Amino acid sequence: TNMTRPVLEARGIVRRFGGITAVDGVDVTVGQGEIVGLIGPNGSGKSTMVNLLTGELAPDKGTIRFAGKDITGVAPYRRARLGIARSFQMLRMFTSMSVEDNMLTATHIHMKRGLLSSLLNLPSARAEEDEVRARARDLLAMFELEQFAGRPVTALSIGQQRMVELARGVLSGPKLFLLDEPAAGLAPPNVDRLIALIKRMRDEFGISILLIEHDMRVVRELCDRVVVLDSGELIAEGHPETVVNDPAVIEAYIGK
Ligand code: ADP
Ligand code: MG
């Protein structure tokens, strides 16, 4: 077990939409270097929880601490800058841009000098941009996307687009990566590649991960710990093998 302070600590999170309580008093923690699964039937509140963690939604109750700092009221772009990256259940990318340019959009959140000095071609900005391009190329190689660097994202398969999204997130240098169903729509060999790449994101880049996933093979192979939601409530938490055999969890899935 991990005795260091968690990188993410969400406590007593509540979020309502009109009469629906999408998230109902949930605690989620992610330790340094931990891969935590967030599972539950459709409509159980998983995506809402991720949107609360990134700041795209505000909670009605509860607090979120990240890297030792209370970020409950902090804007999404500032959370990104602090080191929270995410991928979307439905891909959201600049589809007409090339794969490489999509990668580079991830880094503008950190650019010391920003776009203006880069347009003015200042030497310092050029050096920074060259370094970022080199890192982007290394990551494209790791994700087996090198040959697509100059192609528009729309020319890629859904599986390849998902890989671009992950590579782009890693390039932004996050401490925590929130992955919303990364295996959805992937053929089995690509699921194997995805599992290996997510392990490398943690092992080589030290990225802690919160993983929403329906594919239980992915959950079993990757997650150190699993949190189960049902109708917005946390109904079980623990090791993947324990949780999938928990009668309350089986009931939650079968009851739908
Ligand atoms: P999951 O990702 O686990 O499938 P969601 O977090 O998307 O579940 O949804 C949880 C519940 O909140 C569902 O009942 C859903 O209909 C509702 N919900 C989610 N987002 C909104 C929204 N923006 N407006 C109204 N209801 C929403
Ligand atoms: Mg969802």
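Read the figures in this text as sums done on the coordinates, not as results from a lab. Keep in mind that what you see is a predicted model, and the values were worked out from it rather than measured. Glycine gets a Cβ as well: all are built from the backbone with ideal geometry, and neighbour counts include every protein chain shown.
Things worth noting here:
- Extreme residue, positive dipole direction of the chain, given options ALA127, ALA167, PRO152 (C-beta unit charges): ALA127
- Descending Cα extents along the principal axes, the chain, whole Å: 60, 41, 39
- Ranking of LYS69, LYS175 by neighbouring Cβ atoms within 10 Å, starting from the fewest: LYS69, LYS175.
- Helical contribution to [θ] at 222 nm, DSSP H n ≥ 4, -39,500 (n - 2.57), averaged over the chain, rounded to 500: -11500 deg cm²/dmol
- Under 27 Å between alpha carbons - lysine pairs in the chain that sit 8 or more apart or on different chains: 12
- Note: relative contact order over the chain, using C-alpha pairs below 8 Å and six or more positions apart, is 27 percent.
- Approximating the spin labels as points 7 Å out from Cα along Cα→Cβ, the TYR77-to-THR154 distance works out to 2.7 nm.
- Taking the Cα centre of the chain as origin and assigning +1 to Lys and Arg Cβ atoms and -1 to Asp and Glu Cβ atoms, the resulting dipole is close to 800 debye.
- Exposure proxy ranking, count of Cβ atoms within 10 Å, fewest first, for TYR77, TYR253: TYR77, TYR253
- Between the residues ALA196, GLY18, VAL227, the greatest Cα displacement towards the positive end of the dipole of the chain, with unit charges on the Cβ of Lys, Arg, Asp and Glu, is found for GLY18.
- Built amide H within the under 5 Å cut-off of VAL23, gap 5+: ARG15
- Each Cα pair under 8 Å and six or more residues apart adds its separation to the average, and for segment 159-256 the resulting relative contact order is 21 percent.
- Calculated diffusion of segment 125-253, Stokes-Einstein form, Kirkwood radius summed over Cα pairs, 10 °C and 1.306 mPa s, µm²/s: 97 µm²/s
- Sequentially through segment 207-213, phi angles give Karplus couplings (6.51, -1.76, 1.60; θ = phi - 60°) of 7, 7, 9, 10, 10, 8, 7 Hz, Gly and Pro residues having no value and appearing as x.
- Placing dummy labels 7 Å off each Cα toward the beta-carbon, the span from THR63 to GLU146 is 4.9 nm.
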